[in-house]
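First up is the structure itself, then whatever we jot down about it.
The values are calculated or read from the model by the stated rules, or taken from the named source; none is laboratory data. Being a predicted model, the structure only gives us computed values, none of them experimental. Reconstructed Cβ throughout: ideal geometry from the backbone, glycine too, with neighbour counts over all protein chains shown.
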């Protein structure tokens, strides 16, 4: 999803003074949570006038596909459209709690910012998000902690489902299946924010056979930050 803003004359002068550069970087993502999994991760280096998501704005269809079902197909489409350099699925599947994954990336001259996204499981439309982080020009190792966002595209009912965009319910891949309940009545009810926003976290309950949620409140609740991104610039 490309983003264009009006730029003042001063901002244009400041932008013109910045030199484009190609960066040779390693991107490492660590899952900091107790019991959450991340779906295949996309780390995308792109131009500063593009964005994968905007806090406070409605999610694109491509972001919805990722946030509700973990699909990177739409994110790859955006990446191609904006000439981005993309690391896709460096973990080769789900990234388990406490685990890390990394990959090397050589960026094009104009791809000066980094964005990272992946769906959080279990959740209805929660995702980890790093938005347009400026890649340093000096060699070194840089760390940023990132939050969980709600795409605002699906009510947080915390019930099992297919994960198809527009369909209620959470996808439940094999590692999560035995850890979740079944038969909940649904938590959400009052979700009114339809823009991308900081996720409230799972509420959950302590029953695997009844209650409001299919999420275990002793395992799958979280507080921010949920992930750590370490970028090494060479």
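Descriptive notes on the structure:
- Verdict on residue 139 being touching a residue at least 40 places away in the same chain (Cβ under 8 Å), over 14 Å from the mean Cα position of the chain (by Cα), surrounded by fewer than 19 Cβ atoms within 10 Å (Cβ to Cβ) and more than 17 Å from residue 151 (Cα to Cα): yes
- Selection of first residues in the range 94-113 that are at pLDDT below 95 and of second residues that are part of a loop (DSSP other than H, G, I, E, B), restricted to Cβ pairs under 6 Å at least 6 apart or on distinct chains, gives the following pairs, ordered by first then second residue: 109/20; 109/22.
- The residues in the range 82-91 that are touching a residue at least 40 places away in the same chain (Cβ under 8 Å) and in a loop (DSSP other than H, G, I, E, B) can be counted, and the count is 5.
- Filter pass, residue 78 being more than 13 Å from the chain's Cα centre (by Cα), more than 14 Å from residue 27 (Cβ to Cβ) and surrounded by 22 or more Cβ atoms within 10 Å (Cβ to Cβ): yes
- Residue match in the range 156-174 (condition: surrounded by fewer than 21 Cβ atoms within 10 Å (Cβ to Cβ), more than 14 Å from residue 212 (Cα to Cα), free of Cβ contacts under 8 Å to residues at least 60 places away in the same chain and in contact with a strand residue (DSSP E or B) (Cβ under 6 Å, 6 or more places away or on another chain)): yes
- Inspection of the range 187-206 identifies at least one residue that is more than 17 Å from residue 36 (Cα to Cα), outside any loop (DSSP other than H, G, I, E, B), modelled with pLDDT of 95 or more and touching a strand residue (DSSP E or B) at 6+ places or on another chain (Cβ under 6 Å).
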